[in-house]
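So the structure is just underneath, and the comments pick up after that.
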Amino acid sequence: LQRWAEHEPGKFPPVLGDDYPAVAEKLLLERSQRLEQAHDAEGALASAALLVRLSPTSAPAHDRLACLHHRQGDLD
């Protein structure tokens, strides 16, 4: 997904099916939360940022990314 997002930002790979964006959003948000709980702030940010790149209209993705930045003291 990371490589796809670098070359085709704003959408998920169509070969994965029409249901995949919703499934991937859930999985990436959960992964971000797990990584944060494991004290891997960088990994948590990377997972949330990937989701924002793939789904730029996802409010939960933007909320998660903003929350992580806020917790790190990055208020901008």
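Laboratory data are not the source of any read-out in this text; all were calculated from the coordinates shown. Model, not experiment: these values are computed from the prediction. Glycine gets a Cβ as well: all are built from the backbone with ideal geometry, and neighbour counts include every protein chain shown.
Descriptive notes on the structure:
- Cut-off 12 Å (backbone N to label point 7 Å along Cα→Cβ of D76), residues of segment 45-60: none
- Normalised contact order of segment 9-76, rounded percent, pairs of Cα under 8 Å and 6 or more residues apart: 31 percent
- Under Karplus coefficients 6.51, -1.76 and 1.60, residue-wise ³J(HN,Hα) of segment 36-49 in Hz, glycine/proline x: 5, 5, 8, 6, 10, 4, 5, x, 4, 5, 4, 5, 5, 5
- With the helix formula -39500 (n - 2.57) applied to DSSP H stretches of n ≥ 4, the chain reaches a computed 222 nm mean residue ellipticity of -21000 deg cm²/dmol.
- Peptides 63-75, 38-50, 10-22, ordered by how many other C-beta atoms sit within 10 Å of their residues on average, highest first, read 38-50, 63-75, 10-22.
- Against the empirical curve 2.2 N^0.38 Å, the C-alpha radius of gyration of the chain lands at a ratio of 1.08.
- Extending 7 Å from the Cα toward the beta-carbon at both H69 and A22 defines two label points whose distance is 2.9 nm.
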